[in-house]
1. I need a count of the residues in the stretch A:25-56 that are part of a helix (DSSP H, G or I), surrounded by fewer than 24 Cβ atoms within 10 Å (Cβ to Cβ) and within 16 Å of RNA strand B (Cβ to nearest atom).
2. Can you give me the number of residues within the stretch A:191-208 that are within 9 Å of RNA strand B (Cβ to nearest atom) and either small (Gly, Ala, Ser) or closer than 19 Å to A:Pro76 by Cα (or both)?
3. Could you name every one of the strands (runs of 3 or more DSSP E) located completely within the stretch A:120-180 that has at least 1 residues being within 37 Å of the chain's Cα centre (by Cα) and hydroxyl-bearing (Ser, Thr, Tyr)?
4. For residues that are under 13 Å from A:Ser386 (Cα atoms) and among the charged types (D, E, K, R), scanning just the stretch A:398-427, find the one that is modelled with the lowest pLDDT.
5. Can you tell me which condition A:Leu497 does not meet? The list is (1) under 42 Å from the mean Cα position of the chain (by Cα); (2) near RNA strand B (Cβ under 9 Å from one of its atoms), and all the others hold.
6. Identify, by number, the condition in (1) under 28 Å from A:Phe126 (Cα atoms); (2) free of Cβ contacts under 8 Å to residues at least 60 places away in the same chain; (3) polar (S, T, N, Q) that A:Ser281 doesn't meet.
7. Quick check on the stretch A:64-81: of everything there that is part of a loop (DSSP other than H, G, I, E, B) and among the hydrophobic types (A, V, I, L, M, F, W, C), which residue is nearest to A:Gly18 (Cα to Cα)?
8. A:Gly472: at pLDDT below 95, among the small types (Gly, Ala, Ser), more than 8 Å from RNA strand B (Cβ to nearest atom) and under 23 Å from A:Ile442 (Cα atoms), yes or no?
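The values are calculated or read from the model by the stated rules, or taken from the named source; none is laboratory data. Predicted model, so just to flag it, every value in this text is computed and none were measured. Heads up, the Cβs are rebuilt from the backbone with ideal geometry, glycines too, and the neighbour counts pull from every protein chain shown.
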Amino acid sequence: MVITRFAPSPTGYLHIGGARTALFNWLLARKMGGKFILRIEDTDQKRNTPTAMQQVIDDLRWLGLDWDEGPEVGGPNGPYLQSQRREIYDKYLNQLLDEGKAYYCFDTAEELAAMRQKAEREKKSFIYRRPETLPTKEDVEAAKAQGKPVTVRFAVPQDKPIVVRDIIRGEVTFAPEEIADFIICKSDGFPTYHFAVVIDDELMGVTHVMRGQEHLMNTPAHQCLQEALGFRTPEYAHMSITVSDNGGKLSKRERPNTLRKAIKAANSLDKASIAKAGNISLEELESFLKKKTTPEETSINAMADFIGIDLPEINVVDFVKSGYIPEALVNFTALLGWNPGDEREIMSLEELIEAFDEKRLNKANSFFDRNKLSSFNMEHISRMDSAKLVGHMRRFLELNNSPMLAADDALLERLIELNKGAKTLRDIESKCLLFFIEDSEIEFDEKAVKKVLLKNDNEGCKVLEMLKEELGKLEDFSAHSIETLLRSICEEKEIGLGKVAQPLRIALSGSTISPAIFDTVEILGKAKTIARIDIALAKFYN
RNA sequence: GGCCCCAUCGUCUAGUGGUUUAGGACAUCAGGUUUUCAUCCUGGAAACAGGAGUUCGAUUCUCCUUGGGGCUACCA
């Protein structure tokens, strides 16, 4: 049985790269009728954040991924939080220590840093060298008494090259002297990632490990550990990673970096108020601008909001907020570094499962092209059934605190239906906002007013006057009869529909952009339609 | 710096020792449809990083160069 896993560390929201890793592991498990495990790698006490696990879980569920073992669902191999598995790791740690395959160390952070600097000066790579004689239990007590940190390192066997067999990359050989004796137990008693991952993958029966290419250099170390512990070695697949347009991995840095550039570029902005918007001090802002520190995610978002820029989406929630739907995001990320082998592109989760083949995973890194994602989003929106879309729309509106939340499901469904060509849910929202604001809140687009209402001796205003009259008389205020009315007016006056529709649009929305005009008028209703025509007339024609 | 990975249109990619005038999608450009925006339709432009070698023949195999990326933590 194929058993895969996704093992995020709970340090923040689920990153789009993490989502892709999770997706491929999930896809393989589902394709093979195997199991998919969610395991939380929370061994770093300093980096963990209390809400992160729930955020990751929510994002995975939003994407449509489920797990057979892990938080919230349990399973026979729990607990699924590494922080709750300390005794298990200790058992194996003692085993290695007893067998002389691991040893204690007392180096301080400063000593280690000095060694590294020395190596750098000598232009050599720093590799921790095992002492001639290994510390004894007594040495440990002595070190503790002196307040020295106690860690445990794994003694990497130096006898033979280590060959990693990778599904994507074939065999990769590493010289043993390139692999340092790495720490497996930190001075706070927690295992390091390398140690915990090896033990958990064994105990949980993981057969296939698909992870980012950044882990390829870790794998020989993991294999040595597996051998020393008498464990199996799972199948490995080190996937290509997603890079961003300014070089490097697509990472969380992207958002702060974009914000920093924007603040620097717009030197007219008042830094004090930006800092205030981000709920940080001016000093903290300055330090951020000098690339010395990075404020919290919420501060970054607040400041971006304040100066009115869109940060590139990096975390899954960013995409939710921007109006992408999970079907599109999943489809698009699946096609980054993988393809079904035919010319299909738009695929459902079910189709992806059916088509998935880990042997078709690509070696080369890929660039995350938001244009193409947009196009995928439109395709998925236009072929999705309305009921499902209403659900996505609700979640989007809630996340953005939109006034459109006032709409009931039936109205939402109709508005979505009217906007089938939209790229994102945000596009739908912004086009429909006119229904959810007060008549007095309409902001008129100056250019559009000039062109459509005032040009040719107030041509548009005259049309509005006439429309006010005719619409006022209309008994059946349905899209259909509104259409009949407007078309007959056009025919009578021998003018195009645009001459009538555009002035009306401006009166109702303030701009030349709105959903189909007949439906817009119907949905707005007679009273509001007339009221808005009055407002426009009063403003531009008296 | 050291170690490792990678290299087809701007982007995601298909593909193979001769079947290729290298296929698709997004973006782009030119037309067209449409009451606005968006859609939609038609058409165009656009790539095998460079150099050696192997071979009758290389985009496909090998090596080198160049370029990109990763790792080089008591982070995962």
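1. 3
2. Going through the stretch A:191-208 one residue at a time, the tally reaches 2.
3. Correct list: A:151-154, A:170-174.
4. A:Lys420
5. All conditions are met except number (1).
6. Here A:Ser281 clears every test but (1).
7. A:Leu65
8. Taking the combined requirement at face value, the residue satisfies it.
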